[in-house]
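The values are calculated or read from the model by the stated rules, or taken from the named source; none is laboratory data. Nothing here was measured: the structure is a model prediction, and the numbers come from that model. Don't worry about glycine lacking a Cβ; one is built from the backbone with ideal geometry, like all the others, and counts go over all protein chains shown. With ligands, DNA and RNA removed, areas are computed over all heavy atoms of the protein, side chains included. Shrake-Rupley method; radii C 1.70, N 1.55, O 1.52, S 1.80 Å.
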Amino acid sequence: RPKRPGVDAAALRTLLDTLWGTLERKDVNRFFAWPVTDVIAPGYSIIIRSPMDFRTMKKKIESGDYVSVAEFKTDFKLMCDNAMTYNNSETIYYKAAKTLLHVGIKAMNKDRLSRLCSSLG
Ligand SMILES: CC(=O)c1cc(-c2ccccn2)c2ncccn12
């Protein structure tokens, strides 16, 4: 992929690793740690066309798949939205996804991101 001016791959990776850690730590029940299987969630792979989980996001960080924070944010929101699509609203999974989504949006708002960037130098 052509190098984007100003976005240093190593700096982005450090930033994403930090963000990933902040978000993953909030998933205390580890509901979002690994891909959801059809064994634990019947019909999941039919209903959810684009699955996402923290382990997959970590692999994408490590393989340099993300070229921007926006792409990382998109996967995070996808992961939460999937859970709020498959699970109905009174389940623990839906509620955990809703909470996690709000934590994530706060953690990745503009000011916090710019403070995080400057702290990483
Ligand atoms: C994230 C999600 O939708 C999910 C995670 C899990 C899950 C994740 C780890 C251990 C047990 N369950 C789950 N189980 C049934 C239905 C949905 N889920």
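Here are the numbers for this structure:
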{"quantity": "Hits in the range 18-57 (condition: in a helix (DSSP H, G or I), under 11 Å from the mean Cα position of the chain (by Cα) and within 16 Å of A107 (Cβ to Cβ))", "calculated": "L19, W20, G21, T22, L23, E24, F54, M57"}
{"quantity": "Failed item, numbered, when A9 is tested on (1) in contact with a helix residue (DSSP H, G or I) (Cβ under 9 Å, 6 or more places away or on another chain); (2) within 17 Å of C117 (Cα to Cα)", "calculated": "(1)"}
{"quantity": "Enumeration of residues in the range 68-121 that are part of a loop (DSSP other than H, G, I, E, B), of a type outside the set (G, A, S) and open to solvent by 20 Å² or more (accessible area, probe 1.4 Å)", "calculated": "N87, N88, E90, T91, N109"}
{"quantity": "Filtered residues of the range 73-121 (kept if over 20 Å from R49 (Cβ atoms), within 10 Å of the chain's Cα centre (by Cα) and not aliphatic (A, V, I, L, M))", "calculated": "G104"}
{"quantity": "Of residues in the range 11-43 being surrounded by 13 or more Cβ atoms within 10 Å (Cβ to Cβ) and within 13 Å of the ligand (Cβ to nearest atom), the one nearest to T99 (Cα to Cα)", "calculated": "D27"}
{"quantity": "Scan of the range 44-67 for residues that are open to solvent by less than 30 Å² (accessible area, probe 1.4 Å) and more than 13 Å from the ligand (Cβ to nearest atom), ordered by number", "calculated": "M57, I61, Y66"}
{"quantity": "Subset of the range 33-57 (residues that are closer than 21 Å to R112 by Cβ and either touching a residue at least 40 places away in the same chain (Cβ under 8 Å) or of a type outside the set (F, W, Y) (or both))", "calculated": "M57"}
